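For reference, the structure is listed below as structure tokens.
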Amino acid sequence: MGKKRCFLLVLFCLLFSFKAAAEVHVADAVITTGIENQMPVDKVEVYPADYGKLFCFTRIVGADQDTSVTHVWYYQDNELARVNLPIGSADWRTYSSKRFLPQWAGQWKVVVFSEDGRELKTISFALE
């Protein structure tokens with residue numbers, strides 16, 4: 001009987017862990033020119049292709065345990081940056097940033113992935 005209880009306890013813990021990870025999602029996500037007081041200052045969909053820097057802000061909700069998300073920055077479907085960001089509570093704001101060169105005009109996107117590799121959100125923007 002002891003082995004059966006131990007097995008059930010382990011199974012319950014695994015299922016609970018999977019359930020907690022499955023509930024993580026992106027509540028808010030924007031590309032912005034700056035972050036103030038842990039909040040985006042604006043929302044960018046098109047930005048001048050010049051020397052500059054943009055931020056990808058995300059608010060992650062639903063984490064019942066320490067986890068992380070990854071921001072992957074793509075320029076015309078080519079990965080240019082990958083940033084792993086820790087998530088420390090059930091409602092967590094975080095961001096990554098990318099510097100740009102004038103010759104990088106075109107379509108961009110940031111894809112947000114969960115710790116287990118699930119795609120949570122895609123934020124598209126353009127440099128012109």
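Below are the figures for this structure:
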{"quantity": "Whichever aspartates and glutamates have a C-alpha closer than 13 Å to that of K121, once near sequence neighbours (fewer than 8 apart) are set aside", "calculated": "D28"}
{"quantity": "Summed residue charge, Cβ within 13 Å of A90's Cβ, Lys/Arg positive, Asp/Glu negative", "calculated": "-2"}
{"quantity": "Radius 13 Å from Cβ of F100, net charge of other residues (Lys, Arg +1; Asp, Glu -1)", "calculated": "+1"}
{"quantity": "Net charge dipole size for region 48-128 [Lys, Arg +1 and Asp, Glu -1 on Cβ; Debye, nearest 20]", "calculated": "260 debye"}
{"quantity": "Spatial separation of Cα centroids for region 25-39 and region 70-126, in angstrom", "calculated": "12 Å"}
{"quantity": "Simple spin-label estimate for E115 and M39 in nanometres, 7 Å along Cα-Cβ", "calculated": "2.9 nm"}
{"quantity": "Region 45-118 shape via C-alpha gyration tensor axes, a/c threshold 1.5", "calculated": "prolate"}
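Where a number appears in this text, it was derived from the coordinates with a stated rule and is not lab data. As the structure is a computational prediction, the values presented were derived from the model and not from experiment. Note that we place each Cβ from the backbone using ideal geometry, even for glycine, and neighbour counts take in every protein chain shown.
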